[in-house]
Amino acid sequence: MSVRMIHGLSEVASGFDGFILDLWGVVHDGVEAYPGARDTLAAIRAAGKKTLLLSNAPRRADVLVEQLGRMGIGRDMYDEVLSSGEAVHMELARRTDPFYASLGRQLYHMGPERDQNVFEGLELVAVDIDHADFILNTGPWDFTETVEDYVPRMQQGLARNLPMI
């Protein structure tokens, strides 16, 4: 099996109704849109194709929409945004999946304040790990931390057999 190398979406766009594009590393570098990203999104839109921008960011989609706007990628340049934070928020709200349905209402948030929007507005209460029904892990508080910084909290959660998202 060989892999076809392409030099841009324009080479294959006619064969698809839409595109799922990752944000970080494809559309932007976390600070700025990559050269050509806006032009590509505009061309996809002009061709009548659908776009879903995908991210594993532990934040709600509206936060990513604002970030994209600051990078010059307006809301009119794509159809939808889906992030891991948005997917978790939806599941915590719906509770139709058996895993999510089994979770209690008290969570220990293991992550920075900026990621609290994943559970804000839901019938959940953030508590310390000793009183939590589950752990919501949205990632490091900052990038200077090491694995050892998390071991005590993880051991507490493990000792209590807490499920973790």
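The values are calculated or read from the model by the stated rules, or taken from the named source; none is laboratory data. Remember, it's a predicted structure, so these values are computed and weren't measured experimentally. Don't worry about glycine lacking a Cβ; one is built from the backbone with ideal geometry, like all the others, and counts go over all protein chains shown.
Quick check: is even one residue across the range 87-98 of a type in the set (S, T, Y) and not assigned by TED's automatic domain parsing to the domain that holds D128? Scanning the range 87-98 turns up at least one residue that is of a type in the set (S, T, Y) and not assigned by TED's automatic domain parsing to the domain that holds D128. When you check I73 against the structure, is it over 30 Å from L162 (Cα atoms), in a helix (DSSP H, G or I) and in contact with a strand residue (DSSP E or B) (Cβ under 7 Å, 6 or more places away or on another chain), yes or no? Spelling it out, it is not the case that I73 is over 30 Å from L162 (Cα atoms), in a helix (DSSP H, G or I) and in contact with a strand residue (DSSP E or B) (Cβ under 7 Å, 6 or more places away or on another chain).
The residue of the range 53-91 that is farthest from P140 (Cα to Cα), among those that are β-branched (V, I, T) and surrounded by fewer than 21 Cβ atoms within 10 Å (Cβ to Cβ), is V65. The single residue among A57, A13, A61 that is under 18 Å from A87 (Cβ atoms), in contact with a Phe, Trp or Tyr (Cβ under 9 Å, 6 or more places away or on another chain) and among the hydrophobic types (A, V, I, L, M, F, W, C) turns out to be A57. Looking across the range 126-147, the residues that are in contact with a strand residue (DSSP E or B) (Cβ under 6 Å, 6 or more places away or on another chain) and closer than 22 Å to S83 by Cα come down to A126, F134, I135, L136, N137.
Could you tell me which of the residues E148, E113, E123 is over 20 Å from P58 (Cα atoms) and outside the structural domain of R59 (by TED's automatic domain parsing)? Please lay out each step first, then the result.
Values: E113 fails: over 20 Å from P58 (Cα atoms); E123 fails: over 20 Å from P58 (Cα atoms).
Of the residues listed, the single one that is over 20 Å from P58 (Cα atoms) and outside the structural domain of R59 (by TED's automatic domain parsing) is E148.
How many of the residues making up the range 30-52 are modelled with pLDDT under 95 and under 28 Å from N137 (Cα atoms)? Of the residues in that region, 2 qualify.
For the residues D39, D76, the requirement of being more than 19 Å from the chain's Cα centre (by Cα) and free of Cβ contacts under 8 Å to residues at least 24 places away in the same chain singles out D39. Here Y108 fulfils each of the conditions (1) in contact (Cβ under 8 Å) with a residue 40 or more places away in the chain; (2) touching a strand residue (DSSP E or B) at 6+ places or on another chain (Cβ under 7 Å); (3) assigned to a helix (DSSP H, G or I) apart from (3).
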